[in-house]
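J.: Handing you a structure now.
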Amino acid sequence: MENDNGRKPSVRTGRATLPNQVLWNWEITLACNYKCSYCEQTRDQKTPELMLSLDEWRRIWSGIFDRYGPCHVRLVGGEPTIYPEFIKLVNVLLEKHTVSITTNLSFDIDEWIENVPSAGVHIAASFHPEYVEAEEFLRKLLVLRDKKHQTVSACLVAYPPYLEKLERFRVFFEEEHGVLFKINPFCGAYNERRYPDA
């Protein structure tokens with residue numbers, strides 16, 4: 001694809017926002033503080049696999065900025081917020097990039113609000129009914145949205161015992177409270193059947 005002067009645009013000349021931003025999907029840890037019955041991906045461990053100092057991460061992500069310009073970093077896991085000094089790490093990323101975080105919202109949202117700027121952050125919250133009621137989960141989401149003006153969404157794994165509740169959850173989050181509600185497929189075994197095939 002060529003621009004108006006006939007030259008191919010470099011990554012650095014692209015827009016600094018999605019969809020033209022370079023996107024990094026950073027699986028920061030497979031460790032998780034939840035042990036959901038339907039999750040086969042997290043490891044039963046307490047510490048992340050790769051732990052570097054904040055200065056080392058700053059050097060790495062500054063180098064990525066020098067090469068690609070402002071990027072969008074999607075932090076996933078496991079549960080990324082259990083990574084040591086996670087709030088400080090997010091602030092390091094926000095010095096040059098934008099961030100989205102897939103999280104179960106088990107972290108201290110008051111500490112988050114006090115220490116993380118509102119701009120450039122999206123919270124993609126994973127709702128796990130085995131660990132939290134919908135009302136409490138929504139309360140945290142709305143605090144993040146209303147006090148920090150951050151973009152938030154909620155998602156739920158389509159685990160077979162939840163299937164009959166999916167529409168009720170969708171109405172609760174999306175229609176009643178204006179929070180985008182997404183459904184992720186369940187991949188695994190339940191009652192001797194493999195999903196999502198079943």
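J.: Could you tell me the accessible area of residue 39 in Å² (1.4 Å probe, neighbours in place), rounded to the nearest ten?
T.: My reading of the accessible area for residue 39 is about 60 Å².
J.: What is the pair-distance distribution P(r) of segment 88-198, computed from all Cα-Cα distances in 5 Å bins starting at 0, with each bin given as a whole percent?
T.: 2, 11, 21, 21, 16, 12, 9, 5, 2, 0
J.: Also, I was wondering about something else. Tell me, what HN-Hα J-couplings in whole Hz come from the Karplus equation 6.51 cos²θ - 1.76 cosθ + 1.60 at θ = phi - 60° for each residue of segment 135-143, using x for Gly and Pro?
T.: Once rounded to whole Hz, the list reads 5, 5, 4, 4, 4, 5, 4, 5, 4.
J.: Another question about this same structure. Given points 7 Å out from each Cα along the Cα-Cβ axis, report the residue 111 to residue 192 separation in nanometres with one decimal.
T.: So the two model labels end up 4.7 nm from each other.
J.: Excluding residues on the same chain fewer than 8 positions from residue 182, give the aspartates and glutamates whose Cα lies under 14 Å from its Cα.
T.: 167, 174
J.: Still on this structure, please answer the following. Given labels modelled 7 Å from the Cα in the Cβ direction, how far is it in nm from residue 165 to residue 146?
T.: Result for the modelled spin labels: 2.4 nm.
J.: A further question on this structure: Just to compare against my own numbers: the Cα pair-distance distribution for segment 97-158, 5 Å bins, whole % per bin, please.
T.: Binned Cα distances yield the sequence 4, 18, 32, 27, 12, 6, 1.
J.: So, one more: Could you name the aspartates and glutamates in cross-link range of residue 35, using Cα to Cα under 14 Å and dropping any fewer than eight places away on the same chain?
T.: 44, 79, 130
J.: Now, a different point. With a 1.4 Å probe and every protein chain left in place, work out the accessible area per residue of segment 46-198 in Å², rounded to a whole number.
T.: Numbers: 8000 Å² over 153 residues.
Heavy-atom accessible area per residue stands at 52 Å².
The values are calculated or read from the model by the stated rules, or taken from the named source; none is laboratory data. Note that this is a predicted model, so its numbers are computed, not measured. Glycine gets a Cβ as well: all are built from the backbone with ideal geometry, and neighbour counts include every protein chain shown. In case anyone asks, the SASA skips ligands and DNA or RNA and just uses the protein heavy atoms, side chains included. Shrake-Rupley method; radii C 1.70, N 1.55, O 1.52, S 1.80 Å.
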